[in-house]
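Single-structure report; data block below.
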Amino acid sequence: VVDERVTAKVKTSTIINPWNGRPYSQGFHEILEKRKTLPVWHQKHEFLKALKENQTLILVGDTGSGKTTQIPQFVLEAVELESCDRTKKYMVGCTQPRRMAAMSVSRRVAEEMDVAIGEEVGYSIRFEDVSSTKTVLKYLTDGMLLREAMTDPLLERYKVIILDEAHERTLATDVLFGLLKEVLKNRSDLKLVVMSATLEAEKFQGYFSGAPLMEVPGRLHPVDIFYTQEPERDYLEAAIRTVVQIHLSEPPGDILVFLTGEEEIEDACRKITKEFGNMGDRPVGPVKVIPLYSTLPPAMQQKIFEPAPPPVTEGGPPGRKIVISTNIAETSLTIDGIVYVIDPGFAKQKLYNPRVRVESLLVSPISKASANQRSGRAGRTQPGKCFRLYTETSYNDLEPQTRPEIERSNLTNTFLTLKKLGIDDLVHFDFMDPPAPETLMRALEELNYLGALDDEGNLTKLGEIMSEFPLDPQMAKMLVVSPEFNCSNEILSVSAMLSVPNCFVRPREAQKAADEAKARFGHIDGDHLTLLNVYHAYKQNNEDPSWYYDNFVNHRALKSADNVRQQLARIMARLNLKLVSTDFNSRDYYINIRKAMLAGYFMQVAHWERTKGHYLTVKDNQVVHLHPSNCLDHKPEWVFYNEFVLTTRKFIRTVTCIRSEWIVDIAPHYYDLENFPSCEDSEAIRVLKKLYRKREKDKVESKSRR
Ligand code: ADP
Ligand code: MG
């Protein structure tokens, strides 16, 4: 009898999933066998032992060794075994710098654990929480963990926190380093695992006071590296040429091309598909060209894991998968089967100039470390080849490491978060690499101008409320003050639209029609109001599928804006901020909206300098141009803008026209001319001076009348 019971138990344990009590599906064991071949599995016991004996652990391993997908599952097993009190929560959290990685990896792990995504395994990214009370393993962006810390300062819902992709040194991960160091002191039961793909181990070890380091040897095959003889004038064209050459002359194996952004990637995909369509009678194997960038819908992202197409005829030329990706494929996502890598040597990188307070994304040369990560992607399953579209001399001139984001970012938002977390002395916060003093001062100054910090640097009531919104401080400010301008409903819609990817579609073959469609939504006073028009039109027409097509707007972007709006409205309600509107027929309807927006964005104002024929940003004196996407039919004297875009020229994008009186009324402290940089000869200053003089005169006159 006993024997039977034992066998029954053994049998059930292999067919019943302990996580959800359901029988395992067919695929489970198949995937398990694959998982067991990943390099980290050879060190499972060693890892668990080290985890048991230490509070902090550093794990370094090549991309694709199984860190992101396997380690959290190992940790989970250990935590579960140790926990005697099953009623208590024991969540494991694993951070990812990129939203898309958090989504993709959690889906994969849910599949590996054979549970439904959002149940035992979930993810949380800004405006999208796919987790539940059942969740024991959560992948989340580093930014989201920071936000969680605002309401749960000791991160008590977690037993183990894994900071993944630490080598990326994003701003949020760097802040988490410092924060977690403090939390660990206060919570002896919490453990921290720091995972990285590159070996800056000494630096990490030094920072985490000698935490032990574990290395997972990858199973990299040799990669031959080829440089160009001459610098390439057009790397996009060169990349496409290289793809074609590889496909026509190299043995089977998939291709990975690194480009810088959505537009470039879509352009390349189109051109490559066209090239192979024009091969005439040449026997060419079939290709599957797949784009990969962050704003791609999840179903499309999944395509990178599909196999290459089979040959058209048996024994015919082999098929190939060609993935064209941003640097998300550098370390965040591993694509199996890549044998050829094409690396033009560029990436879009954040840059910040504190002197003129401009943060922008700029296509710039990558570091040596990045170049080596990229080439490494070619040698995961067999020997590979990497084609660097630059000379060997250029490679030698690259910076050894990418600079941490904290040295290249505006810190206003981060500082507001840290203040809310109760960290008063930002100057002495334990950063792994401290930010530049000028950047630090700028951030404090901006928060002070916004009214989030008082003159002593303490968080104000307003700052407290602003920090509740997962938005930039300017946007948060405009939302918080919008009830005073009687337009919080509309400001909510504008904020939501500004928080999602561009909703206007402009297909190459129908640019004119698309521009005409966009113009129909256009508002003469600017792009923010145009966005509001689109949102309103969407609310009236969202049931009609042809409406999106006819009007060249992106369904997904609008749906997502609607969702973001709901979430922001919930925060407003929680904070007792009233949802109100000005009567649409009132003259003040749009005026109120524009004023409320200015109350947030008064530090981003530009003035049309008539004699010079350009816009100049006020106070920072940058010559800027309206971005070609703007919908204005004239050049208003004063505008505020949402974004500074640096390409071949300096552009301001998403602009709305305002009046000079509003500037002085709404932000007198900022536009106080005594605070302006001296000896300045901009027309803006003259106009403002005149305005101030007129005001003085009016004041005197009205007094004498009284
Ligand atoms: P690391 O974090 O060390 O770079 P990962 O854990 O991300 O490694 O990847 C381990 C393996 O899991 C890789 O072979 C990768 O291709 C595979 N993998 C990850 N996500 C998916 C997915 N969505 N579908 C199929 N395979 C996946
Ligand atoms: Mg990883």
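The values are calculated or read from the model by the stated rules, or taken from the named source; none is laboratory data. Predicted model, so just to flag it, every value in this text is computed and none were measured. Every residue, glycine among them, receives a Cβ derived from its backbone with ideal geometry; neighbour counts consider all protein chains shown.
For residues that are among the aliphatic types (A, V, I, L, M), within 20 Å of D152 (Cα to Cα) and surrounded by 22 or more Cβ atoms within 10 Å (Cβ to Cβ), tally how many sit in segment 419-455.
Result for segment 419-455: 0.
Please determine whether any residue of segment 6-22 is at pLDDT below 95, within 16 Å of ligand 1 (Cβ to nearest atom) and either at positive phi or not in a loop (DSSP other than H, G, I, E, B) (or both).
No, that holds for no residue.
Specify which of the listed residues (K134, K138, K67) is more than 13 Å from ligand 1 (Cβ to nearest atom), modelled with pLDDT of 95 or more, of a type in the set (K, R) and within 27 Å of K36 (Cβ to Cβ).
Answer to the selection: K138.
How many residues are under 21 Å from E643 (Cβ atoms) and not charged (D, E, K, R) if we restrict to segment 501-513?
Number of matching residues: 5.
Which residue, of L248, L259, L236, is farther than 30 Å from L155 by Cα, under 23 Å from the mean Cα position of the chain (by Cα) and of a type outside the set (K, R)?
Matching residue, one of L248, L259, L236: L259.
Matching residues to (1) over 16 Å from the mean Cα position of the chain (by Cα); (2) more than 25 Å from E405 (Cβ to Cβ):
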position	(1), (2)
C94	yes, no
R99	no, no
M103	no, no
R108	yes, yes
M113	yes, yes
V121	yes, yes
T133	yes, yes
T151	yes, no
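Kindly indicate the residue of segment 283-323 that is surrounded by 19 or more Cβ atoms within 10 Å (Cβ to Cβ) and not hydrophobic (A, V, I, L, M, F, W, C) and also farthest from Q245 (Cα to Cα) among those meeting that condition.
Q301
Being out of contact with any Cys (no Cβ under 6 Å at 6 or more places or on another chain), among the polar types (S, T, N, Q) and surrounded by 19 or more Cβ atoms within 10 Å (Cβ to Cβ) is the filter here, so list the residues in segment 373-409 that pass it.
Q373, T402, S409 - these are the residues of segment 373-409 that are out of contact with any Cys (no Cβ under 6 Å at 6 or more places or on another chain), among the polar types (S, T, N, Q) and surrounded by 19 or more Cβ atoms within 10 Å (Cβ to Cβ).
Say we look at segment 64-76 and pick out the residues that are buried (at least 24 other Cβ atoms within 10 Å of the Cβ) and of a type in the set (S, T, N, Q); which of these is farthest from ligand 2 (Cβ to nearest atom)?
S65
Could you list all residues from segment 442-461 that are without any contact (Cβ under 8 Å) to a residue 12 or more places away in the chain and over 18 Å from M475 (Cβ atoms)?
E445, D454, D455, E456, K461
Among all residue pairs at least 6 apart or on different chains, which show Cβ distances below 6 Å where the first residue, located in segment 19-48, is closer than 24 Å to A197 by Cα and the second is more than 16 Å from ligand 1 (Cβ to nearest atom)?
Sorted first by the residue in segment 19-48, then by its partner, the pairs are L48/A78.
Would you check if P365 is closer than 30 Å to R653 by Cα and free of Cβ contacts under 8 Å to residues at least 60 places away in the same chain?
It is true that P365 is closer than 30 Å to R653 by Cα and free of Cβ contacts under 8 Å to residues at least 60 places away in the same chain.
In segment 324-340, how many residues are away from ligand 2 (no atom under 14 Å from the Cβ), within 30 Å of L646 (Cβ to Cβ) and surrounded by fewer than 24 Cβ atoms within 10 Å (Cβ to Cβ)?
2
Mind checking which residues of segment 188-236 are more than 26 Å from A347 (Cβ to Cβ) and part of a strand (DSSP E or B)?
Residues satisfying the conditions are K191, L192, V193, L213, M214, E215.
If we scan segment 637-647, do we find a residue that is assigned to a loop (DSSP other than H, G, I, E, B) and not hydrophobic (A, V, I, L, M, F, W, C)?
Yes, some residue in segment 637-647 is assigned to a loop (DSSP other than H, G, I, E, B) and not hydrophobic (A, V, I, L, M, F, W, C).
Which residues, counting only those in segment 146-161, are hydrophobic (A, V, I, L, M, F, W, C) and in contact with a Phe, Trp or Tyr (Cβ under 9 Å, 6 or more places away or on another chain)?
Of everything in segment 146-161, just one residue is hydrophobic (A, V, I, L, M, F, W, C) and in contact with a Phe, Trp or Tyr (Cβ under 9 Å, 6 or more places away or on another chain), namely V160.
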